[in-house]
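What follows is one structure encoded as structure tokens, with my remarks underneath.
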Amino acid sequence: MPLSRKVTRHRHTGTPRVLHSLLEPRALLEAALLPASLPLLMQAPKGDGHPVLLLPGFMADEKSLFVLKAFLEHKGYNVHTWGFGRNLGFRSKHASALPQKIRYLHYTTGRKVSLVGWSLGGVFSLYGAENALDCVRNIVTLGSPVSMDASGSQSPPAMKALYRLVSHKLGSAAHTMAPRAKNLREHRRLAVPTSCLYSLSDGVVPPQEATIDGDPALHENIRVPGSHIGLGFNGIVLSVVADRLAQPEGQWTPFVAKGLLAQLWRFMPDDKAA
């Protein structure tokens, strides 16, 4: 299958739609529907046992990753969580400790580590990979603000206010404009396979921030259905994550839906719905 000339960010501008933000509690319904995804999840490819490090979103901790961790362990991966407690924003101590964690997993297992980050956890995964690139196999982000324009974050005002209250009085700009964020700000991408999953109905992170510009031989944006809060227990998302992690090391190819997943893909809304 020939690669496209360029991977580009979603064309959406501004904040998420107000309706999508108001409907974020639908994540409870997504969780309730997870058992119905069992045939899809059973068809997802098995893993090869390499280490996978999961990183939680803002205000979440390891418990929020329970479903994702259990699923990937069932698929045969050596799954770990970041071990830093609740994610209270982009903290320097965590940004420094994460590459050490990645290097430790690489050293103890003898294999490169895949990183899966949900929301702000995806931003952490990029920084961790940047400082331990020789130890990273691939990166998967779930609704993560991995791209930022000069105008700053376009997340809903309520989310910005929460970030200012919990993490930094200047908001996310205090971290995204720091030297550590230079690659993110300038949209330079790491030379490691990276899959950015995003939803047009995400009520927290707009699609233009959850997608990247990049090299189609290494980078991709994959549209999935659902809410932001429900990404970690969305059956389709779990199936896509398993597909991406199952790519043989050094033989990464862009995502192509197969089997039951391909049948579901036919019902995906057009990007014009953004």
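The phi torsions of region 17-31, fed into the Karplus equation with coefficients 6.51, -1.76 and 1.60 and a -60° offset, translate into couplings of 4, 4, 4, 5, 5, 5, 8, 4, x, 4, 4, 5, 5, 4, 5 Hz, rounded to whole numbers, with Gly and Pro shown as x. Counting only Cα atoms, the size of region 1-92 along its three principal axes is 42, 40, 36 Å, in decreasing order.
By the helix-only formula, in which each DSSP H run with n ≥ 4 contributes -39500 (n - 2.57) and the sum is divided by residues, the chain has a 222 nm mean residue ellipticity of -9000 deg cm²/dmol. Using Cα-only point scatterers and the Debye equation, what is log10 of I(q)/I(0) for region 18-265 at each q in 0.09 Å⁻¹, rounded to two decimals? Once normalised to I(0) and log-transformed, intensities are -0.34. Taken one residue at a time, the phi angles of region 232-244 give Karplus couplings (6.51, -1.76, 1.60, θ = phi - 60°) of x, 9, 8, x, 5, 4, 4, 5, 5, 4, 4, 4, 5 Hz. Gly and Pro are set to x. Out of the DSSP beta bridges found with both residues in the chain, what percent are antiparallel (nearest 5)? Roughly 5 percent of the beta bridges in the chain run antiparallel, per DSSP. Of all the options ALA44, ALA191, ALA210, the one that moves most in a Gaussian network model of the chain with Cα springs shorter than 10 angstrom is ALA191. Computed over the chain, relative contact order equals 27 percent, with contacts defined as Cα pairs under 8 Å that lie 6+ residues apart.
Quick note: the coordinates plus some simple rules give every number you see, no bench work behind them. Being a predicted model, the structure only gives us computed values, none of them experimental.
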